[in-house]
């Protein structure tokens, strides 16, 4: 069985898919609930959190970087 991805709206205790899904009647499935951001403000806050997290990371190399030839000699 192939996985399907669609968005849904939770209303009245039920999840209502926004796209077509191909399931047999009474077929058992596993759901992974992932909230989607609905407003530009939420997107901007998430982007700010991401940038702050990246700024706190220290991806720095100590020492010289390998040359192109050294990288290709790893075979």
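Hydrodynamic analysis of the chain uses the Kirkwood radius over alpha carbon pairs. Inserted into Stokes-Einstein at 4 °C and 1.567 mPa s, it gives a translational diffusion coefficient of 72 µm²/s. The long axis of helix 40-56 is offset from the longest Cα principal axis of the chain by roughly 30 degrees.
Read-outs throughout are calculated quantities, based only on the coordinates presented, and are distinct from any laboratory measurement. Small disclaimer: the values here were computed from a predicted structure and weren't measured.
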